[in-house]
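K.L.:
Before I ask anything, here is the structure I am working with.
The values are calculated or read from the model by the stated rules, or taken from the named source; none is laboratory data. No experiment lies behind these values; they were computed from the predicted model shown. Here Cβ is always computed from backbone atoms with ideal geometry, including for glycine, and neighbour counts include all displayed protein chains. Ligands, DNA and RNA are excluded from the accessible area calculation, which covers all protein heavy atoms including side chains. Shrake-Rupley method; radii C 1.70, N 1.55, O 1.52, S 1.80 Å.
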Amino acid sequence: MGTAERGVSAPPEVVFSTAVDPDRASAWLPEPLRVDGTPAEHTDAEELSARWTAPGDWSAKLRVDPVDAGGARVRLDLTGGTDPDRLAGEALDSLAREVADNLQAG
């Protein structure tokens, strides 16, 4: 399993809603987990967590937590692929770009 964490300069609720938006999730999740319009199989808006699974033992669990500075701390646990740590880091980088795009559009 690979794990990555990063800070995002956006409110936690914005980060979470961007992450679980089916149209945006397909832009940041690793290829086997891309949902193509299907929502995550489990979301908990109160806990700001979500989970996706795909055939071939692929899974991702996302958790978004607030930080004192007004941004968010995002953690992604990823199973699958040959280098899950690298994939998890790249996925969070892509999610941060999606959040930035979402804030600019909104």
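K.L.:
Just to confirm the number: angle between the C-alpha axis of helix 84-105 and the first principal axis of the chain, 0 to 90 degrees, nearest 10?
P.N.:
Once rounded, the angle reads 40 degrees.
K.L.:
Treating only the Cβ atoms of Lys and Arg (+1) and Asp and Glu (-1) as charged, compute the dipole magnitude of the range 54-96 about its Cα centre; round to the nearest 20 debye.
P.N.:
With only Lys, Arg, Asp and Glu charged at Cβ, the dipole is about 140 debye.
K.L.:
Mind checking the full-extension length gain between Arg34 and Asp65? Use 0.36 nm per residue of separation minus the Cα-Cα distance, one decimal, nm.
P.N.:
Net length gain for the segment: 8.9 nm.
K.L.:
Using only helices, what value at 222 nm comes out for the chain when you add -39,500 (n - 2.57) per DSSP H run of length 4 or more and divide by the total residues, to the nearest 500 deg cm²/dmol?
P.N.:
Calculated mean residue ellipticity at 222 nm is -11500 deg cm²/dmol.
K.L.:
If you place +1 on the Cβ of every Lys and Arg and -1 on the Cβ of every Asp and Glu, how big does the dipole about the Cα centre of the chain come out, in debye to the nearest 20?
P.N.:
120
K.L.:
Between Met1 and Arg97, how high is the FRET efficiency from 1/(1 + (r/R0)^6) when r is the Cβ-Cβ distance and R₀ = 30 Å? Nearest 0.05.
P.N.:
The value I calculate is 0.80.
K.L.:
Within the chain, which is the longest segment that contains none of the GluC sites (Glu not before Pro) sitting in a DSSP loop with at most 13 other Cβ atoms within 10 Å?
P.N.:
48-106
K.L.:
May I pose another question? Of the options Ala10, Pro39, Gly56, report the single residue whose Cα projects farthest towards the positive end of the charge dipole of the chain (beta-carbon charges: Lys, Arg +1; Asp, Glu -1).
P.N.:
Value: Ala10.
K.L.:
With a 1.4 Å probe and all protein chains kept in place, how much accessible area does Arg34 have, in Å² rounded to the nearest 10?
P.N.:
90
K.L.:
Only Cα pairs under 8 Å and at least 6 apart count here; give the relative contact order of the range 1-83 as a rounded whole percent.
P.N.:
37
K.L.:
OK, next. Accessible area per residue for the chain in Å², computed with a 1.4 Å probe and the full protein assembly in place, what is it?
P.N.:
54
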